[in-house]
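Enquirer: Pasting a structure below so you can have a look.
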Amino acid sequence: MSTPLVELKGLKKYFDTHKGKLHAVDDINMSFYEGKTMGVVGESGCGKSTLARTIIHLHEPTDGQILFEGKDITYPNRRELHDLREQMQIIFQDPYMTLNPRYTIEDTLKEPLILSGKYEKASLDKQIIKLMDMVGLSGRLRMAYPHELSGGRRQRVGIGRAIAMNPKFIACDEPVASLDVSIQAQIINLLQDLQKDFGLTYMFVTHDLSVVRHISHDISVMYLGQLVETSPSKELFLKPLHPYTKALISAIPSTDIDHPKERIQLKGELMSPIEPKPGCRFAPRCVYATEACHMPQKLEEVLPGHFVSCCRVRELNTDIL
Amino acid sequence: MKEKEFEKKHDHREHHHHDGHRDGEFLSVKDLTVEYTSGKQVVHAVNGISFDIKRGHSLGIVGESGCGKSTVAKAILRILPDHGARIAGGEIWYKGRDLVSEPEKRMEHIRGAEISMIFQDPMTALNPVKKIIDQISSVIRLHNPGMTKKEAEEQGIKMLRRVGIGEDRVRDYPHQFSGGMQQRVEVAIGLSCNPDLLLADEPTTALDVTIQAQVLDLIRDLMREKGTTLLLITHNLGIVAEMCDDVAVFYGGEIVEYGSKREIFKNPSHPYTIGLFGAVPSLTGEGERLKPVEGIMPDPSDLPLGCKFHTRCPYATEACSEGEVPVVQLGGTHYCQCHNIEAVKAAQEKEAAK
Amino acid sequence: MTELKKVPTGGKPEAGVREKKETQLSMILHRLMKNKLALTGGIIFLCLCLISLFAPLIAPYDWSAVDPVHKLMHPSAQHIFGTDQFGRDIFSRIVYGGRYSLTLGVASTLFSTLLGVVVGSIAGYFGGAVDRLIMRFIDMIQCVPGMLLTICISVALGSGIVNTVIAMSFGGIWGTARMLRGQILTVRTSEYVEAAKATNNSSFRTIVKYVLPNSIQQTVISACMGIGGAISGISGLSFLGLGVQPPLPEWGAMLSDGRNYLRYYPNMLWAPCIVIALTILSISFFGDGLRDAMDPRMKD
């Protein structure tokens, strides 16, 4: 395969807490290919949002490497960061919280254009109208404040801000989680249209598995800061290999009333991400856990493009592997 | 297709009303209308809806925010805000009594002992200065007067474990829990009353899928063991498919389509219902483009005339923008409030053939 | 694309559609105008200020003119609030007294708010050790009851207008600082500041455009409310004989004078009481309205 647009090598992000180091993102390897969407799923607290924020440098990585177009950008200097921010953008979950309440839509969309210094004053207006049109906002809402807009429209403003500088990579952090179903679908369609038109690369962080299957080409499953499985999106749903992925997929409520699913029950509590023990972090809740699971696990390519981090993956999936 | 007003449907159950011991009609809502007033504005949150649930059965109310679905549950429990909200008309028959005219004293008893509600926002329902275990065991003791404190605590711990909260956390205070955990505590408290009727307003929206699955299983167990009746309010069609016998689709404070789960899921007939299904990504399909309803929900203080949905409806005709919209019975228990059911059906079939 | 067409509704104008940008200031004023209580409060306070400003035109007598013949009179047509123990017209003294009371109140609030903003911003923005140091210092000062602190400073510095302002404002700095710091800390970790960073805003620009406008609201309002408190505080100081000294007609000082004649000449007490109450009440109403009006999420 070609070189990925963004590549993560052993990326780590730890936070200091008064109880010790919180391993929010622990040794993540991931590749984002141009024009494709990588879905990152996991339950709350698994570090998926932290991962997104670390990649676009809202957090400083603790260890590991981030490569952009093959270049190491783990610790950029000011100048490099300024340029990177135009290449790598983020769309947040709650557009209400991420829009400055004292900015009009125009102010919000204008800001990245002005700060880039690449646009002349005269062309700004035209650019903003074009941008609003691209994200499906009518020009008559130009002077509206965020509180005057519905949730869906606010998210369109958030998307407009992200694509204003023509970035190549956009991290979408639960962009539809706070929206109603029909608005959610409208936004998903918009994101897909933009990807088609501009060849955008998405990292799509979500806890909603049906959405992630719909929008992603590949999916990575995270559990407590670690990557447990990466696979082409449809394959993950047909042949989930990691016990956690299996449980996750079996838990999705399905609208298929003819074929009710067999559900895999998970036992026990989440382990604390503060100073965790080595080994598979899912082991305490896993029915298949053995002694070997408490040793550090390694991500292994078991099928083409399908990576799993589980030492028992072969013996548990004899029908597939 | 037979045209038949909703009224017809009520006729056959008229004689049940004053007979609380019949298993047939457990909860029966008739022409319920709820209004909010803020300043000079009148918000028509619920506009003359009717439905009923048999004992031990479950009804799912589906709709998007602002469609009035939460208001229904609050009206049943009579916990609408004191100022500005009122039940403007209709009846709520519960075990042979009309809750709309029931004295407040009696309602207090019903709320505590027979109907319990799980709210969407857990922080409003938990007491911030009491330990989790004390909150749940006091509820359990309220319903089992003979129980000792110790027994109640044991039962509480058991209940909390079933929603995935370990024994080491039960002596914590609500603020020490994450939002998802608070929600689970609330579910545990709501279920530990062994209610006759459970009103669940988006009970799992804030939860992760695996925990959501646990909570739904818990509710299902309760229904099976105690014969609890469930009114489930949600926007998630998957949850309705798993949990409910009947479905009511809400839009603009009205029920636009009503029927058994099979009728609604196999033959969605209202353009809005079709739009809802079109907005949910499939777990098996090839990733076709989603086909949601376009536009946004109208402001409930400013609903359009005629069919409330006509402003967003791709099949709307002249007739839709004025007057009453007929309720059509499509067979069995399947009702749909639309002028153009056949045209919509034909368009759908054409689309599918393509 | 998908959502361009106008969303049809029953006929209400659509929110947020306007030709020209409505600035924050004009929005705040617009909302304030609609709030009758706040408007009344603002107008009353403005009138009080104007009356003090044009005192020579309004007061029928000289505030210091002693008239032994007409001392201790009850309210009458000549002296609508009566006269005091030296025969001075109480109404005239109140009209002039506003100059001292209002100026002192506004000045000490302004002073304490400005210093509070500086201290609070430093603590909130730099965080870490600086923050801890400042906060512990504030904790220490706030251990001492506010009025006691003010009295101590007042005693140490002596009476007089400038000293009173210093004594009054010193106590007010810390509350403001602590509040602003808290606001800055919340706003600083809020998602829109994160978003500002992601769109390449410099930290200075982030503070000026994002953090301050969204955290200063509380401070402006509490300053507004603080004026009322300061006026009553100064009245209290004068009442104790520490603030503005006689014969200056400060309202609190007048109150202190009136105390001795409470039994037979209550007008000496209630006259200044009424204006003090009126001032504090009007500012409270105004400040309350301002809080609502300044909330950007407030619907019109």
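The values are calculated or read from the model by the stated rules, or taken from the named source; none is laboratory data. Keep in mind that this is a model prediction, so the values were computed, not measured. Here the Cβ is made from the backbone with ideal geometry for all residues, glycine too, and neighbour counts use every protein chain on show.
Enquirer: If you scan the range C:60-85, which residues turn out to be assigned to a loop (DSSP other than H, G, I, E, B) and either more than 19 Å from C:Trp270 (Cβ to Cβ) or among the acidic types (Asp, Glu) (or both)?
Expert: Listed by number, the residues that qualify are C:Pro60, C:Tyr61, C:Asp62, C:Ser64, C:Ala65, C:Val66, C:Asp67, C:Asp84.
Enquirer: Do we have any residue at all in the range A:179-188 that's under 15 Å from the mean Cα position of the chain (by Cα), surrounded by fewer than 21 Cβ atoms within 10 Å (Cβ to Cβ) and within 13 Å of chain B (Cβ to nearest Cβ)?
Expert: No, that holds for no residue.
Enquirer: Another question about this same structure. With respect to B:Lys345, is the statement that it is buried (at least 19 other Cβ atoms within 10 Å of the Cβ) and at pLDDT 90 or above true?
Expert: no
Enquirer: For the range A:71-88, does any single residue satisfy the condition of being under 30 Å from A:Glu235 (Cα atoms) and either crowded, with 21+ Cβ neighbours inside 10 Å or of a type in the set (Asp, Glu) (or both)?
Expert: Yes, the range A:71-88 has at least one match.
Enquirer: Also, quick follow-up: Would you confirm, using the coordinates I've provided, whether A:Thr98 is buried (at least 19 other Cβ atoms within 10 Å of the Cβ), among the polar types (S, T, N, Q), more than 8 Å from chain C (Cβ to nearest Cβ) and closer than 25 Å to C:Thr23 by Cα?
Expert: Against the criterion (buried (at least 19 other Cβ atoms within 10 Å of the Cβ), among the polar types (S, T, N, Q), more than 8 Å from chain C (Cβ to nearest Cβ) and closer than 25 Å to C:Thr23 by Cα), A:Thr98 does not qualify.
Enquirer: Among residues belonging to the range C:169-227 that are of a type in the set (Lys, Arg) and away from every other protein chain (no Cβ under 12 Å), point out the one that is nearest to the chain's Cα centre (by Cα).
Expert: Restricting to residues being of a type in the set (Lys, Arg) and away from every other protein chain (no Cβ under 12 Å), the top hit is C:Arg178.
Enquirer: Mind checking which residues of the range B:279-328 are surrounded by 17 or more Cβ atoms within 10 Å (Cβ to Cβ), of a type in the set (Lys, Arg) and either in contact with a strand residue (DSSP E or B) (Cβ under 8 Å, 6 or more places away or on another chain) or facing another protein chain (nearest Cβ under 7 Å) (or both)?
Expert: B:Lys308
Enquirer: Quick one: C:Ser232 ticks every box in (1) under 19 Å from the mean Cα position of the chain (by Cα); (2) crowded, with 22+ Cβ neighbours inside 10 Å except a single one, so which number is it?
Expert: Of the numbered conditions (1) under 19 Å from the mean Cα position of the chain (by Cα); (2) crowded, with 22+ Cβ neighbours inside 10 Å, the odd one out for C:Ser232 is (2).
Residue-wise test of (1) within 14 Å of chain B (Cβ to nearest Cβ); (2) under 24 Å from A:Ile249 (Cα atoms); (3) crowded, with 23+ Cβ neighbours inside 10 Å; (4) of a type in the set (Gly, Ala, Ser).
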position: A:Val176; (1), (2), (3), (4): yes, yes, yes, no
position: A:Leu194; (1), (2), (3), (4): yes, no, no, no
position: A:Asp197; (1), (2), (3), (4): no, no, no, no
position: A:His207; (1), (2), (3), (4): yes, yes, no, no
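Enquirer: Out of the residues in the range C:276-300 that are within 14 Å of chain A (Cβ to nearest Cβ) and out of contact with any Lys or Arg (no Cβ under 6 Å at 6 or more places or on another chain), which is modelled with the lowest pLDDT?
Expert: It comes out as C:Asp300.
Enquirer: What residue, of C:Asp257, C:Asp292, is in a helix (DSSP H, G or I), acidic (Asp, Glu) and closer than 30 Å to C:Gly182 by Cα?
Expert: Selected residue: C:Asp292, the only one of C:Asp257, C:Asp292 that is in a helix (DSSP H, G or I), acidic (Asp, Glu) and closer than 30 Å to C:Gly182 by Cα.
Enquirer: With the requirement that a residue be under 22 Å from B:Pro292 (Cα atoms), touching a Phe, Trp or Tyr at 6+ places or on another chain (Cβ under 9 Å) and in a loop (DSSP other than H, G, I, E, B), what does the range B:315-338 give you?
Expert: Hits for the range B:315-338 are B:Ala316, B:Cys338.
Enquirer: I would also like to ask the following. Step by step: first the residues of the range A:116-150, then only those that are surrounded by 20 or more Cβ atoms within 10 Å (Cβ to Cβ) and among the charged types (D, E, K, R), then the one that is nearest to the other protein chains (Cβ to nearest Cβ). Which residue is that?
Expert: Out of the qualifying residues, it is A:Glu148.
Enquirer: Of the residues A:Leu81, A:Leu113, A:Leu109, which is within 14 Å of chain C (Cβ to nearest Cβ) and free of Cβ contacts under 8 Å to residues at least 40 places away in the same chain?
Expert: A:Leu81
Each row is one residue, and each column tells you yes or no for (1) hydrophobic (A, V, I, L, M, F, W, C); (2) surrounded by 16 or more Cβ atoms within 10 Å (Cβ to Cβ); (3) in contact with a His (Cβ under 6 Å, 6 or more places away or on another chain); (4) over 12 Å from C:Arg178 (Cα atoms).
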{"site": "C:Ala123", "(1), (2), (3), (4)": "yes, yes, no, no"}
{"site": "C:Arg132", "(1), (2), (3), (4)": "no, no, no, no"}
{"site": "C:Ile138", "(1), (2), (3), (4)": "yes, yes, no, no"}
{"site": "C:Gly146", "(1), (2), (3), (4)": "no, yes, no, yes"}
{"site": "C:Leu157", "(1), (2), (3), (4)": "yes, no, no, yes"}
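Enquirer: When you look at B:Thr210, is it polar (S, T, N, Q), under 19 Å from the mean Cα position of the chain (by Cα) and outside the structural domain of B:Glu154 (by TED's automatic domain parsing), yes or no?
Expert: Considered against the rule, which asks whether it is polar (S, T, N, Q), under 19 Å from the mean Cα position of the chain (by Cα) and outside the structural domain of B:Glu154 (by TED's automatic domain parsing), B:Thr210 comes out as no.
Enquirer: Here are some residues: A:Asp319, A:Asp256. Which one is more than 21 Å from the chain's Cα centre (by Cα) and within 9 Å of chain B (Cβ to nearest Cβ)?
Expert: None of the others qualify; the one that does is A:Asp256.
Enquirer: Right, next: Output the residues belonging to the range B:84-113 that are among the hydrophobic types (A, V, I, L, M, F, W, C) and exposed (fewer than 15 other Cβ atoms within 10 Å of the Cβ).
Expert: Within the range B:84-113, just B:Ala113 meets the criteria.
Enquirer: A:Arg153 - would you say it is free of Cβ contacts under 8 Å to residues at least 40 places away in the same chain, within 14 Å of chain C (Cβ to nearest Cβ), surrounded by fewer than 22 Cβ atoms within 10 Å (Cβ to Cβ) and not acidic (Asp, Glu)?
Expert: No.
Enquirer: Can you pull out the residues in the range B:169-195 that are assigned to a loop (DSSP other than H, G, I, E, B), over 20 Å from the mean Cα position of the chain (by Cα) and touching a residue at least 12 places away in the same chain (Cβ under 8 Å)?
Expert: Once the filter is applied, which keeps residues that are assigned to a loop (DSSP other than H, G, I, E, B), over 20 Å from the mean Cα position of the chain (by Cα) and touching a residue at least 12 places away in the same chain (Cβ under 8 Å), the range B:169-195 yields B:Val170, B:Arg171, B:Asp172, B:Tyr173, B:Phe177.
Enquirer: Additional query: Of these, A:Leu131, A:Leu84, A:Leu115, which one is of a type outside the set (D, E, K, R) and more than 24 Å from the chain's Cα centre (by Cα)?
Expert: A:Leu115
Enquirer: Within the range A:59-68, identify whether any single residue is β-branched (Val, Ile, Thr), crowded, with 18+ Cβ neighbours inside 10 Å and outside any loop (DSSP other than H, G, I, E, B), and answer yes or no.
Expert: yes
Enquirer: Which residues, counting only those in the range B:128-164, are within 14 Å of another protein chain (Cβ to nearest Cβ) and touching a helix residue (DSSP H, G or I) at 6+ places or on another chain (Cβ under 6 Å)?
Expert: Selection gives B:Ile157, B:Leu160, B:Arg162, B:Val163, B:Gly164.
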